[in-house]
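What follows is calculated from the coordinates using simple rules that are stated; it is not laboratory data. Predicted model, so just to flag it, every value in this text is computed and none were measured. Positions of Cβ are backbone-derived with ideal geometry, glycine not excepted, and every protein chain shown enters the neighbour counts.
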Amino acid sequence: MIKSFKHKGIEHFFKMGITSGIQSKHITKLRVQLTALNVAKKPQDMFAPSWNLHQLKRGDLQHHWAISVNGNWRLTFKFEGEDAILVDYQDYH
């Protein structure tokens, strides 16, 4: 279950369907990814060939995971037990 967000736009989109904080071309994919993340119990549950699940190992994103949204845009998150926390939507490249 998603317990916390870092990005307010993603939080508003997930909780209320408000799309003003995200790119319109990402809406459909983010909806699917957030739904999957909400039921995931571990990072590996987020594996899908086109999502390119990978663990981040540098800087302040150490121990976080990322999946590809589009281009350089990623949905990043960390797991605490069986819950996703610090869910973020970012272009970190």
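About the centre of its Cα atoms, segment 8-91 shows a dipole size close to 200 debye [charges on the beta carbon of Lys, Arg (+1) and Asp, Glu (-1) only; nearest 20 debye]. With the cut-off at 21 Å, tell me which of the pairs Lys3/Lys25; Lys6/Lys29; Lys41/Lys78; Lys8/Lys42 have Cα atoms farther apart than that. Violating the 21 Å limit, Cα to Cα: Lys3/Lys25; Lys8/Lys42. Here is the P(r) of the chain: all C-alpha pair distances, binned every 10 Å from 0, give 17, 57, 26, 0 in whole percents. Across the chain, Cα pairs under 8 Å and at least six residues apart give a relative contact order of 31 percent. Given the options Ala40, Met1, Tyr92, identify the residue whose Cα lies farthest towards the positive end of the charge dipole of the chain (+1 on Cβ of Lys, Arg; -1 on Cβ of Asp, Glu). The residue sitting farthest along the positive end of the dipole is Tyr92.
Can you figure out the FRET efficiency of Lys8 with Arg58, using R₀ = 22 Å and their beta-carbon distance, to the nearest 0.05?
On the way: r = 25 Å, r/R0 = 1.12.
It comes to 0.35.
Once you mark the trypsin sites (Lys or Arg not before Pro) that are in a DSSP loop and have at most 15 other Cβ atoms within 10 Å, what is the longest gap between them in the chain? All intermediate terms of the calculation are to be shown ahead of the outcome.
Values: sites that count: Lys3, Lys41, Lys57, Arg58.
The segment 4-40 is the longest one with no such site.
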